[in-house]
Structure formats: C-alpha cells, structure tokens
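This report concerns only the one structure given below.
The values are calculated or read from the model by the stated rules, or taken from the named source; none is laboratory data. From a predicted model like this one, the values you see are computed outputs, not experimental measurements. Cβ placement follows ideal geometry from the backbone for every residue including glycine, while neighbour counts extend to all protein chains displayed.
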Amino acid sequence: MANPGVERFPDFFQRWNGKLEDILQQLMQVSNQRTEVVKTQQELQALVSTVTTHLKLYYTTKWAAAHGNVLIFFSPPWLNPLEHAQLWLSGWKPSTVFRQVENLKNRNVLVLTEEQNKKIEELKMRVKMEEEKVEREMERQQVAMADRKMVQLAKITGRASANGSADAVAEVAVKEVFEGLETVMKASDCVRLKTLKGVLDLLSPMQSVDFLAANITTQLRFRHWGAKKKDTAGAVPSVNQDK
C-alpha cells in the first residue's frame, strides 16, 4: 500500500520552502543591518532556534513519508536538475558546510577565534569519518541488491506460481532492500543535522545568524537557478516560417 505521506510531500516541501524564504528575510535583516537592528543575545538565539526547528521539521516529515517509499527520496521529482546534482544520499553533503564556513571567513563575514578554528577542524574530521561510514553502508546495500540471490529472485518471480510463494519471497526481499535504504537515508540525514548543530554550537548567536543566512541563501539559489534553467531548457523556440 502506498504511503500517502509521499503523495503529500511535494506540497509540504513547497510550503516548507516558502516558510524558509520568510525565515531567510529575518536572518538577512539582522545580518545586514546589525548596527540598526539591535538584538539581545537571547533574541538572536531565539531566531537561530526558529531556523533549526524549521529544518528539523523537514527531516521528521521526510522520514515519515519515506517509510516504505524510500526510493523516491533518492531521486526526488520535486527537485530541479541543479538540486539533483547536489544530492548526496538523498540530501546535501555534510562536508560542504565547512567549505561555506571557509568562504565566510575569507570574506570576513565570520571572524573566528583560534579556539573556534581548532574545534571547527576537529568537527570537520569527525564529519568526514561519519560520511565515510554512511557511504560504506550504502555500498553494502548496493552489493546486497546485486547479490546472486536477488538475481535468482528475479528469475523466480518471472515464472507463475500456483501457490503464490514466489510473490511472497519477492515481497520479503524487496522489503529488506527498502529497509536497508531507509537506514542509509536516515543515517545520512543524521550526519547533516549533527554537522549543522556542531557548527552552530561553536559559533556565537550573531555568527550563527550570519552562517545560517549564507547557508539558506545558497540552498534557495540552487532551487531558483535550477528552476529557471529548467524552464529555459524546456522552452520551445519560435520558428520563423516566412520564406
């Protein structure tokens, strides 16, 4: 039976992105006009918490929708080609966060202390190991899918079975594959969330606002640019039929 959450997910994703746009405006206002918009540390932290709560909502909704229908999240039809090009196991690759931090440092948007830089590097190494662990698990799942038993299963299910036992075997095997991929998806999402939390824990509230503003801007630009490119590529050029 199809999971109705998957059918509703594109609508949720559109609404979620709309809210993300609104949140970005708040972040940009504080980030760009810090001398005019005076915020206490508590107010800044509340804004950061609003962002992290919204991001967590995406993953909890995704996990609920993916149960039994995980394949679609590895190639989501609601994403444009540019967004697809950025995918790493159903989402953004955690280590890209550190390139963004480095870029913000180079532009003097983030001015980190020696201690912060040291801890960022330590976090970077831990995240790299977590990524490799998830990638190894994905490789294991791919090997399992290509296993001889799966090939034999395909042959079995290709023949009619009077007692329906072949269909039962096929259903169990496919369920195991889906469960394995769901495990990989959740593991990769957890690394993404742990990476964001790890970075934010090392930044001051104002630095967190600057970082999140840049992070979300990049995410939404991929969505806008990719959609624009897709529309342009899909346009039918006019043909002058005059001789």
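Some points to look at:
- Residue within region 19-32 that is among the hydroxyl-bearing types (Ser, Thr, Tyr), within 23 Å of Gly180 (Cα to Cα) and in a helix (DSSP H, G or I) present: no
- Of everything listed in (1) closer than 26 Å to His67 by Cβ; (2) at pLDDT 95 or above, the single unmet condition for Thr113 is (1).
- Residue that is farthest from Gly180 (Cα to Cα), among those in region 130-146 that are surrounded by fewer than 11 Cβ atoms within 10 Å (Cβ to Cβ) and among the aliphatic types (A, V, I, L, M): Ala146
- Residue that is surrounded by the most Cβ atoms within 10 Å (Cβ to Cβ), among those in region 71-123 that are among the basic types (Lys, Arg) and assigned to a loop (DSSP other than H, G, I, E, B): Lys93
- Residue within region 49-60 that is touching a Gly at 6+ places or on another chain (Cβ under 9 Å) and within 25 Å of Glu130 (Cα to Cα) present: yes
- Matching residues in region 73-108 - criterion: being among the β-branched types (Val, Ile, Thr) and at pLDDT below 95: none
- Residues in region 93-110 that are within 20 Å of Val209 (Cβ to Cβ) and either in contact (Cβ under 8 Å) with a residue 12 or more places away in the chain or within 22 Å of the chain's Cα centre (by Cα) (or both): Thr96, Val97, Phe98, Arg99, Gln100, Val101, Glu102, Asn103, Leu104, Val109, Leu110.
- Hey, Leu47 buried (at least 17 other Cβ atoms within 10 Å of the Cβ) and part of a helix (DSSP H, G or I) or not: yes
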